[in-house]
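Structure, as structure tokens:
The values are calculated or read from the model by the stated rules, or taken from the named source; none is laboratory data. For clarity, every value in this text was computed on a predicted model and none was experimentally measured. Glycine also receives a Cβ, built like all others from the backbone with ideal geometry; neighbour counts cover every protein chain displayed.
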Amino acid sequence: MTSTQHIAVLDDEPDITQLLAGYLQGHGFRVTQVHSGRALMALMPVDAPALVLLDLGLPGEDGFTIARQLREHWRCGLVIVTGRGDAVDKVVGLEVGADDYVTKPFDLRELVARIKAVLRRLVPAEPAHAAASAVSHKLPHTLPHTLPHNKRFAFAGWLLDTAARRLSPAQGPEVPLTSGEFDLLCTFVQHPGRVLSRDFLLEATRGREAGPFDRTIDVQVGRLRKKLEADAEDPQIIKSVRGAGYILVPPVSPG
């Protein structure tokens, strides 16, 4: 690793980018400060950095979407540096392709150590299509459409019996599910703790029947929440991840 590697720092607060730039320059890095996703995307084809430090809390922009765009088009290091320390945000950040996730406040020495650790694993930034390895950062696009028989999944006080196609609470009557709701819930319980895009969920539940503007998933998630959640307006089981999809938060175990 040379001492002139280029790092882009994206944060909407100039005080933070200046602080990081000064410290990183003191450790031999060349630093570009940007304050919006648009500015970062304009920089990439002109002077692509070896690594991007990305803040998620950008006004009017979705940091996860920016991260996903980087992963889809460029092969570079990506470290999310944010005040959002929620476990779900961390999972989403890593799912969309971040190499590391650092929460504010942080120790500058530790951040530099993390940056160097990521850079040691990377080659210089280049368009993602030049390396097949970049594909590994994307969510899968296929999923088996059938489940093994006699499978039961327990999560958040619920039991889903896929053989009997039955959903019930630990104590209480069965909760009826439509065919679409059942297929969707089956997909979630097979991928707990993972962010699933709408396209992935559509392919898993409807396959070739799904259209390019199909919003069925959003409708069915809303219906599932009304049946699963204590408060459908503040879901704790199936959470939305802005710009990425949905995630089943609680752990799943054999029923």
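Details
- Inclusion of VAL112 among residues that are closer than 20 Å to LEU196 by Cα and either in a helix (DSSP H, G or I) or not assigned by TED's automatic domain parsing to the domain that holds ASP11 (or both) is not warranted.
- Residues located in the stretch 39-65, provided they are more than 22 Å from VAL241 (Cβ to Cβ), of a type outside the set (Gly, Ala, Ser) and in a helix (DSSP H, G or I): LEU43, MET44, PRO45, VAL46, ASP47
- ALA210 being in contact with a helix residue (DSSP H, G or I) (Cβ under 7 Å, 6 or more places away or on another chain), on the phi < 0 side of the Ramachandran plot, modelled with pLDDT under 85 and surrounded by 13 or more Cβ atoms within 10 Å (Cβ to Cβ): yes
- Residue in the stretch 239-249 that is modelled with the highest pLDDT, counting only those that are under 14 Å from SER197 (Cβ atoms) and among the β-branched types (Val, Ile, Thr): ILE247
- Scanning the stretch 154-206 for residues that are of a type in the set (Lys, Arg), under 22 Å from the mean Cα position of the chain (by Cα) and assigned to a loop (DSSP other than H, G, I, E, B) yields a count of 1.
- Residue match in the stretch 49-65 (condition: at pLDDT below 95 and either assigned by TED's automatic domain parsing to the domain that holds GLY193 or at positive phi (or both)): yes
- Any hit, the stretch 5-18, residues being part of a helix (DSSP H, G or I), of a type in the set (A, V, I, L, M, F, W, C) and touching a strand residue (DSSP E or B) at 6+ places or on another chain (Cβ under 6 Å): no
- Verdict on ASP199 being without any contact (Cβ under 8 Å) to a residue 40 or more places away in the chain, surrounded by 15 or more Cβ atoms within 10 Å (Cβ to Cβ) and under 29 Å from PHE64 (Cβ atoms): no
- Scanning the stretch 67-80 for residues that are farther than 8 Å from ALA98 by Cα and surrounded by fewer than 24 Cβ atoms within 10 Å (Cβ to Cβ) returns ARG68, GLN69, ARG71, GLU72, HIS73, TRP74, ARG75.
- Given (1) in contact with a strand residue (DSSP E or B) (Cβ under 7 Å, 6 or more places away or on another chain); (2) in contact (Cβ under 8 Å) with a residue 60 or more places away in the chain; (3) in a helix (DSSP H, G or I), index of the condition ARG68 fails: (1)
- Among the candidates GLY22, GLY28, residue that is surrounded by fewer than 13 Cβ atoms within 10 Å (Cβ to Cβ), at pLDDT 90 or above, part of a helix (DSSP H, G or I) and over 22 Å from the mean Cα position of the chain (by Cα): GLY22
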